[in-house]
Amino acid sequence: MAMHAADIEALIREAFPDADVVIEDLAGDGDHYAARVVSRAFAGKSRVQQHQMVYAALKGKMGGDLHALALQTAVPE
């Protein structure tokens, strides 16, 4: 079952209300996305920790409803 980009964005924004979130459907199939998430919540965290925070925000959808997510995270400048 594919996910819609808006659903992915909503889950991320729920966890990171201050975030700048950009979702791109890479293959047009609703299964392969790229996401860029910029949030102050990532300050002081390693890249791995930042990605784990985003995966946690997806509430178990990763690997199920959401097949692939190329993830970029950053702290606002």
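The values are calculated or read from the model by the stated rules, or taken from the named source; none is laboratory data. Being a predicted model, the structure only gives us computed values, none of them experimental. Here Cβ is always computed from backbone atoms with ideal geometry, including for glycine, and neighbour counts include all displayed protein chains. For the accessible areas, the whole protein counts, side chains as well, though only heavy atoms, and no ligand, DNA or RNA atoms are used. Shrake-Rupley method; radii C 1.70, N 1.55, O 1.52, S 1.80 Å.
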Exercise. When residues of region 22-52 are filtered for being more than 9 Å from the chain's Cα centre (by Cα) and not in a strand (DSSP E or B), how many remain?
Worked result: 19
Exercise. Considering only region 10-22, how many residues are surrounded by 14 or more Cβ atoms within 10 Å (Cβ to Cβ) and under 15 Å from A70 (Cβ atoms)?
Worked result: 2
Exercise. Of all residues in region 11-21, which are charged (D, E, K, R) and assigned to a strand (DSSP E or B)?
Worked result: D20
For this session: Only residues in region 53-77 that are assigned to a strand (DSSP E or B) count as the first member; pair them with residues that are exposed (fewer than 11 other Cβ atoms within 10 Å of the Cβ), Cβ under 9 angstrom, at least 6 apart or cross-chain, and list the lot.
Result: A68/A27
Seminar exercise, completed: If we ask which residues in region 23-55 are open to solvent by less than 70 Å² (accessible area, probe 1.4 Å), of a type in the set (G, A, S), farther than 11 Å from L71 by Cα and at pLDDT 95 or above, their number turns out to be 4
